[in-house]
1. Every residue in region 13-45 that is of a type in the set (D, E) and assigned to a loop (DSSP other than H, G, I, E, B), please.
2. Can we say R2 is in contact (Cβ under 8 Å) with a residue 12 or more places away in the chain and either surrounded by fewer than 10 Cβ atoms within 10 Å (Cβ to Cβ) or aliphatic (A, V, I, L, M) (or both)?
3. What single numbered condition from (1) in contact with a Pro (Cβ under 9 Å, 6 or more places away or on another chain); (2) exposed (fewer than 10 other Cβ atoms within 10 Å of the Cβ) fails to hold for A40?
4. Taking interchain pairs and intrachain pairs at least six residues apart, which have beta carbon atoms under 7 angstrom, with the first residue in region 17-45 and closer than 12 Å to L5 by Cβ and the second part of a helix (DSSP H, G or I)?
5. I'd like the full set of residues that are surrounded by 11 or more Cβ atoms within 10 Å (Cβ to Cβ) and not basic (K, R), limited to region 5-33.
6. Out of curiosity, is G9 touching a Pro at 6+ places or on another chain (Cβ under 9 Å), assigned to a loop (DSSP other than H, G, I, E, B) and in contact (Cβ under 8 Å) with a residue 24 or more places away in the chain?
Amino acid sequence: NRMPLHAYGDTRDLGKMTEFLVGDGAAYITGQDFAVDGGALAFGY
C-alpha cells in the first residue's frame, strides 16, 4: 500500500471531519477545502 497512512479511509473518517466542522471548534473556519484522504494529495497520488 503506497498510501502515506498505509490504509484507506472509510465513512467514519468522513464522519469525524463532518462532526468537527459542524461543532463549536470550527466556528471561525470559512471557505476552506479539507482533503480527508490519508495524505494521498500531499504525496501526489
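1. Passing the criteria: D33, D37.
2. In short, yes.
3. It is condition (2) that A40 fails.
4. The qualifying pairs are V36/D13; V36/L14; V36/M17.
5. Matches in region 5-33: L5, Y8, G9, D13, L14, G15, M17, T18, E19, F20, L21, A26.
6. Taking the combined requirement at face value, the residue does not satisfy it.
Bear in mind these aren't lab numbers, they're just calculated from the coordinates by the rules spelled out. In this text, all values refer to a predicted model and were calculated from it rather than measured experimentally. Glycine also receives a Cβ, built like all others from the backbone with ideal geometry; neighbour counts cover every protein chain displayed.
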